[in-house]
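Peer 1: This is the structure I have questions about; it appears just below.
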Amino acid sequence: MSEQANPFESLQEQIDDAAEYIDASDDVLERLKHPERVLETNLSVEMDDGSIEVFKAFRSQFNGDRGPYKGGIRYHPNVSRDEVKALSGWMVYKTAVVDIPYGGGKGGIVIDPDEYSEAELERITRSFATELRPFIGVDRDIPAPDVNTGQREMNWIKDTYETLENTTAPGVITGKALDSGGSEGRVEATGRSTMLTAREAFDYLDKEMKDATVAVQGYGNAGWIAAKLLENLGAKIVAVSDSSGAVYNSEGLHARDVKDHKNETGSVVGYAGADEEFGNDDLLTLDVDLLVPAALENAIDDELAREVQADVIAEAANGPLTPEADDVLTERGVHVFPDILANAGGVTVSYFEWVQNRQRFHWSEERVNDELESVIVNAFDDLTSAYEEHDLPNFRTAAYVVALQRVIDAYEEGGNWP
Ligand code: GLU
């Protein structure tokens, strides 16, 4: 893992790369390379033993030209101002590439949630929600889950917001539990978009998904669901990993069994159906048809990129490749299908959840999955059309060309005031 790459600089580079192919003035571009505002706050929270601990937390609202700011909240020790800024910028281009009416935002708390009790996490989350209250809202900024947060945290934030505002406003946050106004299909949505992107990519590249070999780095919600759904398409999941290491079986692992093992023991390592175990970097350089990085940023730097043997990469994580790794992979003819498409299912079903909340209506899981499929397939087609039309170097640039044009159009049509 590269320690050097600053994700915020990576984002700015990706925007510059795409800007070469569209007609955008430098001043408009400059505006699209910086967040509109960033909240930085220090949460003082009482621990179970009566002591007070202080947690740094952020919410970046990057751009709202196409709609309310939208994006998750992560709990991780590596959360930083620049990371949150980058992640919020990626959300702008993600919501634009799938053409849902949102801008981009992201938040995070610098914390290792494993070190705190549930009661402490609840107080920390409610304290953050209290700080966020003036900045968020159904039509203003709509948080959601991200790394190490899920339905439980979303429900706490919704409850805090509604209590303080003396109202009901389920659409202020997405990724809630079903009983609190959540949507069918939301938990699986990120991994589902990775599967759909990989399926469309294989079709586009004339590659067979049946018996295709797949390696998945990261076995959290996105990675494991992607593995399960790719397995359903007939692919062979030969290797998966988490932060403790990787497990491998050339005949294929059973995605669900590995997940059960991880639930029981805390890791994929030690899974009885594996015939080899190795480190994460070895998984990333396996000779497979499809590689799915589903962990954190900067998993593959330029050095590792030179060793990658996969034909296709579908990014389930946000920002798993450094820009230098991207250049190396483009040069080497590895087809990378970018995060802003391949994991956009999460925010797309968040959008469906918000629509259902606004209408006080509940969609079936079948409807959610069908609508998600058409959003991802349409976005894939827009991306490949741009790739061919502009003769672009890779699919990431194509995704940014499509997305950047949409954001610029919204800005230019809306004007700038004052
Ligand atoms: N955290 C997810 C992402 O990075 C989902 C965001 C959302 O649902 O708003 O796309």
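Peer 1: Considering only residues that are charged (D, E, K, R) and away from the ligand (no atom under 14 Å from the Cβ), look in region 163-206 and name the one that is surrounded by the fewest Cβ atoms within 10 Å (Cβ to Cβ).
Peer 2: By that ranking, first place goes to Asp206.
Peer 1: Six or more apart or on different chains, Cβ under 7 Å: which pairs go from a residue in region 34-50 that's over 11 Å from Glu131 (Cβ atoms) and open to solvent by 40 Å² or more (accessible area, probe 1.4 Å) to one that's at pLDDT 95 or above and of a type in the set (Asp, Glu)? Could you list them?
Peer 2: Asp48/Glu120
Peer 1: Ok, one more. Please tell me if Glu264 is among the acidic types (Asp, Glu), in contact (Cβ under 8 Å) with a residue 24 or more places away in the chain and not in a loop (DSSP other than H, G, I, E, B).
Peer 2: no
Peer 1: Counting only residues that are out of contact with any helix residue (DSSP H, G or I) (no Cβ under 7 Å at 6 or more places or on another chain) and among the small types (Gly, Ala, Ser), how many does region 178-211 have?
Peer 2: Total satisfying the criteria: 1.
Peer 1: Can I ask one more? Residue by residue through region 118-142, note down the ones that are open to solvent by 40 Å² or more (accessible area, probe 1.4 Å), more than 21 Å from Thr168 (Cβ to Cβ) and out of contact with any strand residue (DSSP E or B) (no Cβ under 7 Å at 6 or more places or on another chain).
Peer 2: Scanning region 118-142 gives Glu118, Ala119.
Peer 1: Any chance region 332-342 includes a residue that's over 21 Å from Thr213 (Cα atoms), of a type in the set (Gly, Ala, Ser) and within 12 Å of the ligand (Cβ to nearest atom)?
Peer 2: Scanning region 332-342, I find no residue that is over 21 Å from Thr213 (Cα atoms), of a type in the set (Gly, Ala, Ser) and within 12 Å of the ligand (Cβ to nearest atom), so the answer is no.
Peer 1: Taking the condition of being surrounded by 18 or more Cβ atoms within 10 Å (Cβ to Cβ), of a type in the set (Lys, Arg) and more than 12 Å from the ligand (Cβ to nearest atom), how many residues in region 59-87 meet it?
Peer 2: Total satisfying the criteria: 3.
Peer 1: Would you mind finding the one in Val375, Val328, Val368 that is within 15 Å of the ligand (Cβ to nearest atom) and over 18 Å from Tyr102 (Cα atoms)?
Peer 2: Only one candidate passes the filter, namely Val368.
Peer 1: Quick one: which residue in Gly245, Gly223 is out of contact with any Lys or Arg (no Cβ under 6 Å at 6 or more places or on another chain), modelled with pLDDT of 95 or more and crowded, with 19+ Cβ neighbours inside 10 Å?
Peer 2: Criteria check complete, one pass: Gly223.
Peer 1: Would you confirm, using the coordinates I've provided, whether Gly319 is under 17 Å from the mean Cα position of the chain (by Cα), within 16 Å of the ligand (Cβ to nearest atom) and on the phi > 0 side of the Ramachandran plot?
Peer 2: Considered against the rule, which asks whether it is under 17 Å from the mean Cα position of the chain (by Cα), within 16 Å of the ligand (Cβ to nearest atom) and on the phi > 0 side of the Ramachandran plot, Gly319 comes out as yes.
Peer 1: Just for region 137-162: of the residues that are within 14 Å of the ligand (Cβ to nearest atom) and hydrophobic (A, V, I, L, M, F, W, C), which one is nearest to the chain's Cα centre (by Cα)?
Peer 2: Going through the qualifying residues, I end up with Val147.
The values are calculated or read from the model by the stated rules, or taken from the named source; none is laboratory data. This is a predicted model, so every value here is computed, not measured. As a convention, Cβ positions derive from the backbone with ideal geometry for all residues, glycine included, and neighbour counts pool all protein chains shown. For accessibility, only protein heavy atoms count, side chains too; no ligands or nucleic acids. Shrake-Rupley method; radii C 1.70, N 1.55, O 1.52, S 1.80 Å.
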